[in-house]
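What follows is one structure encoded as structure tokens, with my remarks underneath.
The values are calculated or read from the model by the stated rules, or taken from the named source; none is laboratory data. These numbers were taken from a predicted model, which means no experiment stands behind them. Every residue, glycine as well, gets a Cβ built from its backbone with ideal geometry; the counts of neighbours run over all protein chains shown. We work out accessible area using only protein heavy atoms, side chains counted, and drop any ligands, DNA or RNA first. Shrake-Rupley method; radii C 1.70, N 1.55, O 1.52, S 1.80 Å.
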Amino acid sequence: MFICTGYAAQSADAPLAPYTFERRDPGPSDIEIEILYCGVCHSDLHTNRNEWHNSVYPTITGHEVVGRVRRIGSAVTKFKVGDLAGVGCLVDSCRTCENCAVGLEQYCIPGATGTYNSPDKHTGKMTYGGYSKAIVVDDYFALKIPENLDLAAVAPLLCAGITTYSPLRHWKVGPGQTVGIVGLGGLGHMGVKFARAFGAHVVLFTTSESKRADGERLGAHEVVVTREPDALKPWAGKFDFILDCVSADHDINAYLNLLRRDGTLCLVGAPENPQPIAAFSLLGGRHSFAGSGIGGLPETQEMLDFCAEHGITSDIEMIAIDQINTAYERMLKSDVKYRFVIDMATLPAA
Ligand code: NAP
Ligand code: ZN
Ligand code: ZN
């Protein structure tokens, strides 16, 4: 065991504050990463504030982790000390069920171990994530980080990147298709970048007039500001695929009605409250309403390699760790362009 510093919430309404805890020393197949940057996902906020009603305190969130390997176990061959490495949303799974067997560890049947707020098989406590100085992980669950990209801007690829890449690939988004991205936050802005890179005609739906120009710069062919009256009307029946990246209550039916026959709306946003779906939004055009969760290890590596090849990273705003509570308030106002990333040099070591 070694002592590690981090930032934790002690209850749903407490601000995050410095916290010291123990991490395991690396076992034979583990690596220990000194965390240099950690992205700030809206899931971190949902978890710290117990909005999914499953948080066990203290919570140490953060699952967009990049850093350098500083210790390795005796059996590790994938990394050597000094290499860049990343950790996304998963740190363990059963490795044998039918979903793990095909690299879809996020859908592990007995249940994957999340990077935070999951029962930790090693400590008997909960897993603690990337708002911390170091992390220890089985090397299978660590990603190779491309050397040619800005490291801080790579961090958000570990969740926002793979969460949008995976459904766009699964539903084979590409040339000739019209694809909608709903919500220009951390996930949404990566969705716009990937949908554009895959060759689709990309339409961004945003509630924020101020994001119109950014939407176009990030790759949207058209931007629809949904607060304008009748904004969605011209788009009825036009979409092959829509990726809904919204973190709060909103009318999903309005978007289901924009699908063509046999079109799919896939939810990746995970609002606290259930969102009602009208039967006629689905059966009118044989529409599919789907969901997608993060991505497995092989596809996450594929996504990182795709980003390295195409020069894709997240648009980030760097913060010091003591700015995290203010950053959350800004995130709740949809005021983040487009991902906060914590500079871990601002967190004192133990
Ligand atoms: P984020 O950066 O806060 O972005 C959310 C965006 O949703 C906002 O920027 C805003 O975009 C839009 N929005 C917010 N409130 C809205 C409202 N009341 N009505 C309509 N639109 C609204 O959050 P994120 O990190 O991208 O995460 C988005 C959601 O995905 C969260 O619920 C998160 O937990 C979830 N998530 C799911 C997975 C998964 O595996 N499926 C993985 C990661 C995150 P505009 O300003 O453009 O309207
Ligand atoms: Zn996330
Ligand atoms: Zn499994």
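Using a Gaussian network for the chain with springs between C-alpha atoms less than 10 Å apart, which of these wobbles most: 330, 339, 68? Comparing 330, 339, 68 in the GNM, the peak value goes to 330. Across segment 166-181, coupling constants 3J(HN,Hα) worked out from phi with the 6.51/-1.76/1.60 Karplus curve, θ = phi - 60°, read 4, x, 5, 6, 4, 8, 6, 5, x, x, x, 9, 9, 10, x, 10 Hz, and Gly and Pro carry x. Taking amide hydrogens as placed 1.01 Å from N in the peptide plane, the amide H of residue 37 sits under 5 Å from those of 66, 344, each at least 5 positions away in sequence or on another chain. Counted by Cβ distance under 15 Å from residue 252, the other residues give a net charge of -4, where Lys and Arg count +1 and Asp and Glu count -1. Ordering of 273-282, 20-29 by packing is 20-29, 273-282, highest average first (other Cβ atoms within 10 Å, averaged per residue).
Each residue of segment 250-262 was assigned a 3J(HN,Hα) from its phi angle through the Karplus expression (A = 6.51, B = -1.76, C = 1.60, θ = phi - 60°), giving 6, 8, 5, 4, 4, 7, 4, 6, 8, 6, 6, 4, 6 Hz with x at Gly and Pro.
For residue 126, nonlocal amide neighbours, meaning residues 5 or more places apart or on other chains whose placed amide H falls under 5 Å from its own, are 120.
Think of each Lys and Arg Cβ as +1 and each Asp and Glu Cβ as -1; about the Cα centre, that makes the dipole of the chain roughly 400 debye.
On a 26 Å Cα-Cα criterion, which of the cross-link pairs 211/233; 78/121; 144/193; 80/133; 193/333; 211/238 come out too long? Walk me through the numbers on the way to the answer.
On the way: 211/233 20 Å; 78/121 22 Å; 144/193 21 Å; 80/133 19 Å; 193/333 22 Å; 211/238 23 Å.
In this structure, no pair lies more than 26 Å apart at Cα.
Please go through segment 224-326 and write out the GluC sites (Glu not before Pro) that DSSP classes as loop and that have at most 14 other C-beta atoms within 10 Å.
Numbers: sites: 272, 299, 302, 309, 317; in loops: 272.
When the GluC sites (Glu not before Pro) of segment 224-326 are filtered for loop state and at most 14 Cβ neighbours within 10 Å, 272 remain.
Quick one: in segment 84-146, what % of C-alpha pairs are over 19 Å apart? Roughly 29 percent, once rounded to a whole number.
Where the accessible area of segment 57-133 is counted over protein heavy atoms with a 1.4 Å probe, how much of it, in %, is carbon and sulfur? Carbon plus sulfur share of accessible area: 54 percent.
Taking amide H positions as modeled 1.01 Å from N, with prolines and chain starts lacking one, the residues under 5 Å from residue 318 and 5 or more places away or on another chain are 341. Relative to the dominant Cα principal axis of the chain, helix 186-197 is inclined by about 70°.
Might you tell me the accessible area per residue for the chain, computed with a 1.4 Å probe and given in Å²?
On the way: 14220 Å² over 350 residues.
About 41 Å² of surface per residue is accessible.
Sorting 173-179, 197-203 by average packing, meaning the other beta carbons within 10 Å per residue, from highest down gives 197-203, 173-179. In a DSSP loop and with at most 15 other Cβ atoms within 10 Å, the GluC sites (Glu not before Pro) in segment 130-239 are 147. Stretched out straight at 0.36 nm per residue, the stretch from residue 277 to residue 57 would grow longer than its current Cα-Cα span by 75.9 nm.
Each Lys or Arg adds one and each Asp or Glu takes one away; over the other residues whose Cβ falls under 12 Å from the Cβ of residue 211, this sums to -1. Toward the positive end of the charge dipole of the chain, about the Cα centre and with charges on Cβ (Lys, Arg +1; Asp, Glu -1), which of 20, 275, 166 goes farthest? Most positive-ward Cα: 166. Between rounded, prolate and oblate, where does the chain land on the alpha carbon gyration tensor, with a ≥ b ≥ c its root eigenvalues, rounded for a/c under 1.5, else prolate if a/b exceeds b/c? The shape class here is prolate. Phi-derived couplings, Karplus 6.51 cos²θ - 1.76 cosθ + 1.60 at θ = phi - 60°, listed residue by residue for segment 46-52: 3, 6, 4, 9, 6, 6, 9 Hz, with x used for Gly and Pro.
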